[in-house]
Amino acid sequence: MADQTGVAMGAASVKVAEGDRGRGIVGSLSWFAARQPLGFVGAILVLALVVTAIFAPALAPYGPKDAAFAAYVPPGGEFPMGTDHLGRDMLSRIVWGARLSLYVGLTSVLFGVTVGALWGVVTAYFGGAADTVSQRIVDSLMALPPIILALALMAGLGQSVTNVIVALAVLLVPTAARTIRSVALSIKEMPYVEAARGAGATEWRIIFRHVLPNTMATYIVLVTVNIAYAIVVEAALSFLGLGAPPDEPSWGGMLTAGTQALETAPWMIFFPGLAISLTVFGLNLLGDAIRDLTDPQLRGGLG
Amino acid sequence: MRKYILHRLLLFVPSLLGASLLIFVLMRLVPGDIAEIIVYQAGSESSTVQQKQVQEIRTELGLDRPVLVQYAAWLGNALRGDFGQSYVQSRPVTEIIRERFPRSLELALLTLVVAVVWAVPLGVISAVRQNTWADYLVRVVSISGLSLPIFFTGVLILWALVRFFHWLPPLEFVAFFDDPVENLKQMVWPTLAQAYYISAPIMRLTRSQMLEVVRHDYVRTARAKGLAERAVVYRHALSNSLLPVITFVGWWGGRLLGGIVIMEIIFSVPGMGTALVQAVSNRDYPTVQAIVFVMALIFLMLNLLVDMVYGWLDPRIRYA
């Protein structure tokens, strides 16, 4: 059964790919949907997340911190997802949670990967002692298991949404620095870098005009891959009670509140858990599809 | 081989020192130092008395010295197994670690064993019976394991236990050597929840490695000379598929350590993870510092071990 659909999809994708080369938006979308059906599902989930996050004030019936209702009202009627232990509307908190998750995920990843990329490019370019020292610093950061490092950072920085972003960014810097460094090492040996140097360009001009722009592809992959990761780690930190402050609508924090009332209000764990899972699932599917489409070696791979 | 090991060891020491220095400096970034926190949390006295107390505590703890001097002193003591005094529990941090460490170690080992024991065979079955219902089942299980965050699976299992079996988190932890049965009863759920999470990538990797390896010539040769299918799969294909899986187990060590913190919190296991989370929220810096140090040490040793096993299994690496 599943086999047949697979074959049918394959045939459809060939047809679409052949007959649709100069396509418009709808055409490209259907091409993508046929080519990467799972990636398309991922794209829809991510789109839903983004729309929810942007239009949170319009979509949520109440504010995320409004505690004006009865506690532990089961889902249904006025509160489709029930209310929590403080009588706040769960639906509103989930909707606002999308905004918080996306905000934290995006800013921390952009911040961390950018710093890491600059660091990697500069040390790769200059090499020598600075590079060796910087590699040892990267080693030291990587010697700490991610969640443990994040916990230690939160202990040092104190609990707030901004500090969660800083902590997540710090987690991402070493990996980004190392990955981008290895790319930059090969770029700096390219003939066009030689040519720029021959033409009398300064070191910094070469770094920013020639080496850095050519690490862009890796940069984009690093960003897409790590957003889901950052969102999960944020939820994990808040789940442990050490991320966003408890009144913030963080899905992880809502899950913790739910564990205090497992028997009376199971909906308090189902909805936030489902929200995190769908988000991660969607981002992973989309990320895989983008990676497969950009890397010809992985097309039709063994998975 | 000796040169390879030496090289790995030379990288090990600076990483550990760097990580510990990093944590040490980080713990001193706190707005208002530790002395102030201790005094102002406890105190109801007038501000001049408090000021004096802050000064006294600073001198007592050596906080008035330069950071690097403090670090050297801390490191010297740490190497002798003395991590100082916990601010919150009035006992040496070393004692806390000695009490908590075996519990977390047990949970980690159980998780790894369970995960490997069920993931590798399932990965093999999934590859050998590619595109059958068994394969689809294994793939669905592993994809769901990858997508559900570990704290959600943990909480779901906890909910099911409470709802359907009226399970209650144990009030008191029983050590394995005191009562193995009771101990395993407490450990089984966190172990299974985490093993499910960790086994997903192991399954996927075993499967894709097997699929790649069975297409090699030597596997065809093994079949051609009339070996039983079982011998081909297990002796020829599997043993060569496991190499990347082993490095992967090492890489997952970091997530395993993070996961243990979460599992211990959900299932109330009083191990290193719970101690760490408590210490962070109580701002008990000596304890945070010591636990993070021990975890970095374990993580680095795990990576070292994996590198060595890898070098031992694959001669190309050690001579490269």
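The values are calculated or read from the model by the stated rules, or taken from the named source; none is laboratory data. All values reported here derive from a predicted model rather than from experimental measurement. When we count neighbours, we look across all protein chains shown, and the Cβ atoms used for this are built from the backbone with ideal geometry, even at glycine. Calculation scope for accessible area: heavy atoms of the full protein, side chains included, ligands and nucleic acids excluded. Shrake-Rupley method; radii C 1.70, N 1.55, O 1.52, S 1.80 Å.
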Which residues qualify? For A:Ala244, with a placed amide H closer than 5 Å and at least 5 residues away or on another chain, they are A:Ser238
Hey, got the Cα dimensions of the stretch B:103-216 along the principal axes, in Å, largest first?
-> 54, 30, 19
A:Leu293/A:Ala129 FRET efficiency (R0 45 Å; Cβ-Cβ; nearest 0.05) = 0.65
Looking only at aspartates and glutamates whose Cα falls under 18 Å of A:Lys188's and that sit 8 or more positions away or on another chain, we get A:Asp131, A:Glu203
Have a look at A:Gly77, A:Pro145, A:Thr224 and report the one farthest towards the positive end of the charge dipole of the protein assembly as shown, computed about the Cα centre with Cβ charges (Lys/Arg +1, Asp/Glu -1).
-> A:Thr224
Helical mean residue ellipticity (222 nm; -39500 (n - 2.57) per DSSP H run of 4+; nearest 500) of chain B | -26000 deg cm²/dmol
Excluding exposed DSSP-loop GluC sites (Glu not before Pro) (at most 16 other C-beta within 10 Å), longest clean stretch of chain A | A:79-188
Cα-based Rg/(2.2 N^0.38 Å) for the protein assembly as shown, rounded to two decimals, is 1.04
Modelled label-to-label distance, B:Tyr310 and B:Leu156, 7 Å Cα→beta-carbon offset: nm?
-> 3.2
Length gain on complete extension for the stretch B:Leu79 to B:Arg129, per 0.36 nm per residue less the alpha carbon to alpha carbon distance?
-> 12.7 nm
Could you work out how far apart the two model spin labels at B:Val117 and B:Leu171 are, taking each label as a point 7 Å from the Cα in the direction of the beta carbon, and quote it in nm?
-> 3.2
If you average over every viewing direction, what projected area does the convex hull of the Cα atoms of the stretch A:196-265 give, in nm²?
-> 7.1
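What 222 nm value per residue comes from the helices of chain A, counting each DSSP H run with n ≥ 4 as -39,500 (n - 2.57) and dividing by all residues, nearest 500 deg cm²/dmol?
After summing the helix terms and dividing by residue count, I get -23500 deg cm²/dmol.
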Under 5 Å, built H, 5+ apart or other chain: amide partners of A:Thr83 = A:Tyr72, A:Val73, A:Met90
Quick one: Karplus J couplings for the stretch A:225-240, per residue in order, coefficients 6.51, -1.76, 1.60, θ = phi - 60°, nearest Hz, x for Gly and Pro?
-> 5, 8, 4, 4, 4, 4, 5, 5, 5, 4, 4, 5, 4, 5, 4, 6
Label model pair B:Arg223, B:Lys185: point-to-point distance (7 angstrom along the Cα→beta-carbon line) in nm is 5.1
Taking a probe of 1.4 Å and counting only protein heavy atoms, give the total accessible area buried between chains A and B in Å², rounded to the nearest 100.
-> 3900
Karplus (6.51, -1.76, 1.60) ³J(HN,Hα), θ = phi - 60°, over the stretch B:65-77, in Hz, Gly and Pro reported as x = 8, x, 4, 5, 5, 4, 4, 4, 4, 4, 5, x, 5
For the stretch B:115-128, 3J(HN,Hα) per residue [Karplus equation, 6.51 cos²θ - 1.76 cosθ + 1.60, θ = phi - 60°, Hz, x = Gly/Pro] = 4, 5, 4, 9, 7, 5, x, 5, x, 5, 4, 4, 6, 5
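Per 0.36 nm of contour for each residue apart, how much would the distance between B:Arg230 and B:Gln89 grow if the chain were fully extended, relative to their Cα-Cα spacing? Don't skip to the answer; put the middle values down first.
On the way: separation 141, 0.36 × 141 = 50.76 nm, distance 5.72 nm.
Extra length from B:Arg230 to B:Gln89 when fully extended: 45.0 nm.
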How many percent of all Cα-Cα pairs in chain B sit more than 25 Å apart?
-> 62
Short version: what are the Cα gyration tensor semi-axes of chain A, square root of 5 times each eigenvalue, largest first, in whole Å?
-> 39, 30, 15
